[in-house]
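The values are calculated or read from the model by the stated rules, or taken from the named source; none is laboratory data. Treat the numbers as computed from the prediction; the structure is a model and nothing was measured. When we count neighbours, we look across all protein chains shown, and the Cβ atoms used for this are built from the backbone with ideal geometry, even at glycine. Side chains are part of the model used for accessible areas, which takes the heavy atoms of the whole protein and leaves out ligands, DNA and RNA. Shrake-Rupley method; radii C 1.70, N 1.55, O 1.52, S 1.80 Å.
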Amino acid sequence: MKKEQVVHCQFSVWYPLFKAVTIRSVILPLPENVKEYLLDDGTLVVSGREDPPSHAQDGSDDTEEIQWSDDENTTTLKAPEFPEFTSKVEEAISSLGGSVFPKLNWSAPRDAYWIAMNSSLKCKALSDIFLLFKSSDFITRDLTQPFIHCTDDSPDPSLNYELVLRKWCELIPGAEFRCFVKENKLLGISQRDYTQYYDHISKQHEDICRAIQEFFEKHIQYKFLDEDFVFDVYRDSRGKIWLIDFNPFGEVTDSLLFTWEELTSGKNLKGDQSEGEATEQDYPVFRCTNSKVTVQPSPYLSYRLPKDFVDLSTGEDVHKLIDFLKLKRNQQDDD
């Protein structure tokens, strides 16, 4: 996988080309100070509240601040404000119906959905977005290591980070599929939510595969900027296919029910096809979870354990351990 392929999968690169077959979206440049805020581990206060601190009366006890200890050197943390950016985000959210699905150039904070009040990526305000982004390893990777799996030694391309707001749609996980393309040929299609068994997928897999193949040939093939890539689609209740996203063809992208060795070499793929399917030239391999026995936990469950707990259990962060022991001592003194 080359760095150029990663660049071509940025939302702002492909969205203008496929706007007619995907979900309506708004792209906003991400200011440098907002990027710094997202990467600042020390700033835990969430910015972009609908009820900013300035609305509180002077001398009120309801000020938006947090004190972390009783030490003399205690510093008061306040959420930074980005009035101009906040205004643009609010306007964009309003234009998209009041609720949005947020992401950066490549990734959405799917690993952080558990921290939201609604356990969802549905956002109605900038504070919702910031909470998800600051809790997401996927977002941090976008901002710090976008080319980590690339094999070429060329200099990293310059990037302009952007906040992508997509109109919120209630997508059923059992209707999402990931498609793998090599040399502009659709090799394989995988059930996106492979941890669950969906009866309708097993029963309709031939129709689903045929519909996606037709969509690919009509709207995607030879129109994307690379010949090797991955794209995600959604099949609605009427059977219509919608484009959801593009991803690089490589290990940075989850291969789901395939392996990257299979996809890059082409080995073992033809063995999945039935005799009827094998007679059709260029027919993609379709894989889904065929039994409830193979149902697995969500791959995002591991992200629910706070990193602070991990650091404490392993002793990797001495300062957190000291703070924890102080807290326990104070509790014992109070008792």
When residues of the range 100-147 are filtered for being within 27 Å of Q5 (Cβ to Cβ) and polar (S, T, N, Q), how many remain? 6
Take the residues in the range 79-123 that are within 21 Å of S136 (Cα to Cα) and among the charged types (D, E, K, R); name whichever of them is surrounded by the fewest Cβ atoms within 10 Å (Cβ to Cβ). E81
Count of residues meeting criterion [open to solvent by 40 Å² or more (accessible area, probe 1.4 Å) and in contact (Cβ under 8 Å) with a residue 60 or more places away in the chain] in the range 129-151: 8
Considering only the range 170-180, I want to know if a residue exists there that is under 17 Å from S107 (Cβ atoms), aromatic (F, W, Y) and at pLDDT 95 or above. no
Could you check the range 1-54 and list, in sequence order, the residues that are part of a loop (DSSP other than H, G, I, E, B), open to solvent by less than 30 Å² (accessible area, probe 1.4 Å), modelled with pLDDT of 95 or more and farther than 17 Å from D245 by Cβ? L30
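Among L269, L243, L263, L256, which is the only one that is closer than 25 Å to C9 by Cβ, out of contact with any Cys (no Cβ under 6 Å at 6 or more places or on another chain), buried (at least 17 other Cβ atoms within 10 Å of the Cβ) and at pLDDT below 90?
On the way: L243 fails: at pLDDT below 90; L263 fails: at pLDDT below 90; L256 fails: at pLDDT below 90.
Checking each option against the conditions leaves just L269.
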Given the condition touching a residue at least 24 places away in the same chain (Cβ under 8 Å) and within 15 Å of the chain's Cα centre (by Cα), answer yes or no: does some residue in the range 183-196 qualify? yes
Going through the range 214-233 one residue at a time, which ones are over 22 Å from K3 (Cβ atoms) and open to solvent by 20 Å² or more (accessible area, probe 1.4 Å)? E214, E217, K218, H219, Q221, Y222
